[in-house]
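Let me begin by presenting the structure, written as structure tokens, before commenting on it.
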Amino acid sequence: MAQSEKLVTPLSLIVDVVLVGAFFVFMLFLLKSHVPSNDPLMIWVWAGLASSCMTGVFWLAIQMFRVVLNAQLAARRN
């Protein structure tokens, strides 16, 4: 049986936090202009809620990419 690699390292966690945080902020400011309200609080609330959903999907995409990349690299080594 092959020795299993660690898929989660402290560096990968830091990279994930930075990427996910940057994506959330980017989407927050992008979506603010699409909220149909004149109340600044409601604009921030709904843009934040929509950004959090999209950020969750982005996080899942990062994790799937990492798993596929590790599988491809392992297959190439063998």
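Read-outs: derived from the displayed coordinates by stated rules, not from any lab. These figures come from a predicted structure and were not determined experimentally.
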Added length on full extension, which subtracts the Cα-Cα distance from 0.36 nm per residue, Leu19 to Gln63: 14.7 nm
Length gained when the stretch Phe29-Leu41 is fully extended (0.36 nm per residue, less Cα-Cα span): 2.9 nm
Segment 11-77 - percent relative contact order, Cα under 8 Å, separation 6 or more: 34
